[in-house]
2 protein chains.
Amino acid sequence: MKERIIIDMDEVIADPMGAMVDWYEREYGGTVDYVKMQVGSWSKGFPEEHQSMIRERLHEPGFFRDLPVMKDSIEVLERINSSYEVFIVSAATEFPNSLKEKHDWLRDHFPFFSWRQLVLCGDKRPITGDHMIDDHVRHLIHFPGKKYLFSSPHNVLVTDYVRIHDWKEAARIFL
Amino acid sequence: MKERIIIDMDEVIADPMGAMVDWYEREYGGTVDYVKMQVGSWSKGFPEEHQSMIRERLHEPGFFRDLPVMKDSIEVLERINSSYEVFIVSAATEFPNSLKEKHDWLRDHFPFFSWRQLVLCGDKRPITGDHMIDDHVRHLIHFPGKKYLFSSPHNVLVTDYVRIHDWKEAARIFL
């Protein structure tokens, strides 16, 4: 039986932070503080007076539909998908407009995944498997299998987890 | 620690079959054959020449937004939600237009559930918990906890599972 890998979407295969930073710098000419993100949330890197606007933008239709794809994730996941039972599990129900957008985004960029392999949830507590790759400790902490923290500016201070820095490293671990 | 109950949506707390039968009888004046549903799929109860149309209607925007609520489910689940960790887990990604509609429907009819308690997936294999209530054997079969088959015309011939006939009976079991 194939081992099951649970893979997160945002900051792992999709890049909402990168998209938000690009948009913010273009529209506002502002600067993002990557050190302030280290409290565990990338939205904290934006100036305080703009954080509620950043939050609102996450709820707007369209935001999650056109996100950039994380480097090497397509090539590596196509190979991982042949050897493992893969589920893409995204904490998405907080942003109801993102639900269909995340489905459509995945179908467009990762056509080798079927709709059967996508899980959209709020809390990842009921999800089980052999391996989980996620950028948030709050999702990894309850998982019963092996846990891998996918590196992101908001989690650089976390020390208790095996880290995956990028998809080339994931390929070395899983393939 | 509270026990976790995984509860299905369609045919358990929402009634897509009932909504489809009502619509079909109203629009086509046709008759539905409940015996033919017993192969495990309620769509088989519609005349063969209309089955592809029934299937298409499931994909149309709006279908899942206005479904009737299953009798007694709101009152009983509000009480269950106080004593258990409840997740509503729906096989929905096959119908991308249903994703936000299912979120909105749940928020409107079951406002005591938060977005954290909703899981929209294709395959329920990675879902774990202490109890699962579902009308489909294909979802119950892989579940590691206690399994309860929620009665529906399409599953009347199934004999291998503990059955829940309605939400009054669920109240007697769980409360």
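The values are calculated or read from the model by the stated rules, or taken from the named source; none is laboratory data. Quantities reported herein were computed from a predicted structural model and do not represent experimental measurements. All Cβ positions, even for glycine, are placed from backbone atoms using ideal geometry, and neighbour counts span all protein chains on display.
In region B:119-142, how many are closer than 11 Å to A:PRO126 by Cβ and crowded, with 18+ Cβ neighbours inside 10 Å?
Total meeting the criteria: 8.
Kindly evaluate B:LYS100 against the criterion of being outside the structural domain of B:HIS131 (by TED's automatic domain parsing) and basic (Lys, Arg).
Details: outside the structural domain of B:HIS131 (by TED's automatic domain parsing): no; basic (Lys, Arg): yes.
So B:LYS100 does not fit the description; no.
In the list B:LYS102, B:LYS147, which residue meets the criterion of being outside any loop (DSSP other than H, G, I, E, B) and within 9 Å of another protein chain (Cβ to nearest Cβ)?
Checking each option against the conditions leaves just B:LYS102.
Would you please list the contacts, defined by Cβ atoms under 8 Å and residues six or more apart or on different chains, that run from a residue in region A:113-134 that is more than 10 Å from chain B (Cβ to nearest Cβ) to a residue that is surrounded by 19 or more Cβ atoms within 10 Å (Cβ to Cβ) and among the small types (Gly, Ala, Ser)?
A:ILE133/A:ALA170
Could you check region A:134-175 and list, in sequence order, the residues that are more than 23 Å from A:GLY45 (Cα to Cα) and β-branched (Val, Ile, Thr)?
A:ILE141, A:VAL162, A:ILE173
Conditions tested, residue by residue: (1) at pLDDT below 95; (2) part of a loop (DSSP other than H, G, I, E, B); (3) farther than 30 Å from B:THR159 by Cα.
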{"position": "B:MET17", "(1), (2), (3)": "no, no, no"}
{"position": "B:VAL21", "(1), (2), (3)": "no, no, no"}
{"position": "B:ARG26", "(1), (2), (3)": "yes, no, yes"}
{"position": "B:THR31", "(1), (2), (3)": "yes, yes, no"}
{"position": "B:GLN51", "(1), (2), (3)": "yes, no, no"}
{"position": "B:LYS71", "(1), (2), (3)": "no, yes, no"}
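Confirm whether A:SER41 is small (Gly, Ala, Ser) and more than 30 Å from B:PRO126 (Cα to Cα).
Judged against the criteria, A:SER41 is not a match.
Looking at A:GLU94, A:GLU85, A:GLU169, A:GLU75 in this structure, which one is more than 9 Å from chain B (Cβ to nearest Cβ) and in contact (Cβ under 8 Å) with a residue 12 or more places away in the chain?
After ruling out the rest, the residue left standing is A:GLU75.
Of all residues being within 17 Å of B:ARG57 (Cα to Cα) and without any contact (Cβ under 8 Å) to a residue 60 or more places away in the chain in region B:97-106, which is surrounded by the fewest Cβ atoms within 10 Å (Cβ to Cβ)? Just the residue, please. Step through it out loud before you land on a result.
In the first step, residues of region B:97-106 are kept if they are within 17 Å of B:ARG57 (Cα to Cα); the result is B:97-102.
Within this subset, residues satisfying the condition of being without any contact (Cβ under 8 Å) to a residue 60 or more places away in the chain are B:97-101.
Values: B:ASN97: 18, B:SER98: 29, B:LEU99: 26, B:LYS100: 22, B:GLU101: 21.
That would be B:ASN97.
Restricting to region B:70-96, count the residues that are under 29 Å from B:LYS44 (Cβ atoms) and surrounded by fewer than 17 Cβ atoms within 10 Å (Cβ to Cβ).
3
Quick check on region B:41-72: of everything there that is over 13 Å from the mean Cα position of the chain (by Cα) and of a type in the set (A, V, I, L, M, F, W, C), which residue is farthest from the other protein chains (Cβ to nearest Cβ)? Even if it seems obvious, please write down each step before you answer.
Of region B:41-72, the ones over 13 Å from the mean Cα position of the chain (by Cα) are B:43-63, B:65-66, B:72.
Then keep just the ones that are of a type in the set (A, V, I, L, M, F, W, C); that gives B:46, B:53-54, B:58, B:63.
Working: B:PHE46: 23, B:MET53: 21, B:ILE54: 19, B:LEU58: 13, B:PHE63: 14 Å.
This residue is B:PHE46.
For region A:105-139, which residues satisfy the criterion of being touching a Gly at 6+ places or on another chain (Cβ under 6 Å) and either of a type in the set (Ser, Thr, Tyr) or part of a helix (DSSP H, G or I) (or both)?
A:TRP115, A:ARG116
Report, by residue number, each residue of region B:1-21 that is within 14 Å of chain A (Cβ to nearest Cβ) and either buried (at least 23 other Cβ atoms within 10 Å of the Cβ) or in contact with an Asp or Glu (Cβ under 6 Å, 6 or more places away or on another chain) (or both).
Our first condition is that a residue be within 14 Å of chain A (Cβ to nearest Cβ); within region B:1-21, this holds for B:1-9.
Matches in region B:1-21: B:LYS2, B:GLU3, B:ARG4, B:ILE5, B:ILE6, B:ILE7, B:ASP8, B:MET9.
B:GLU25 passes all but one of (1) assigned by TED's automatic domain parsing to the domain that holds B:ASP104; (2) in contact with a Ser or Thr (Cβ under 8 Å, 6 or more places away or on another chain); (3) of a type outside the set (Val, Ile, Thr); which number fails?
Only one criterion in (1) assigned by TED's automatic domain parsing to the domain that holds B:ASP104; (2) in contact with a Ser or Thr (Cβ under 8 Å, 6 or more places away or on another chain); (3) of a type outside the set (Val, Ile, Thr) is unmet by B:GLU25, namely (1).
Take the conditions exposed (fewer than 12 other Cβ atoms within 10 Å of the Cβ), among the hydroxyl-bearing types (Ser, Thr, Tyr) and without any contact (Cβ under 8 Å) to a residue 40 or more places away in the chain and apply them to A:SER43. Does it pass? Write out each step before concluding.
Values: exposed (fewer than 12 other Cβ atoms within 10 Å of the Cβ): no; among the hydroxyl-bearing types (Ser, Thr, Tyr): yes; without any contact (Cβ under 8 Å) to a residue 40 or more places away in the chain: yes.
When the stated conditions are applied, A:SER43 does not pass them.
Can you tell me which condition B:MET37 does not meet? The list is (1) over 25 Å from A:LYS100 (Cβ atoms); (2) in a loop (DSSP other than H, G, I, E, B); (3) more than 9 Å from chain A (Cβ to nearest Cβ), and all the others hold.
It fails just one condition, (2).
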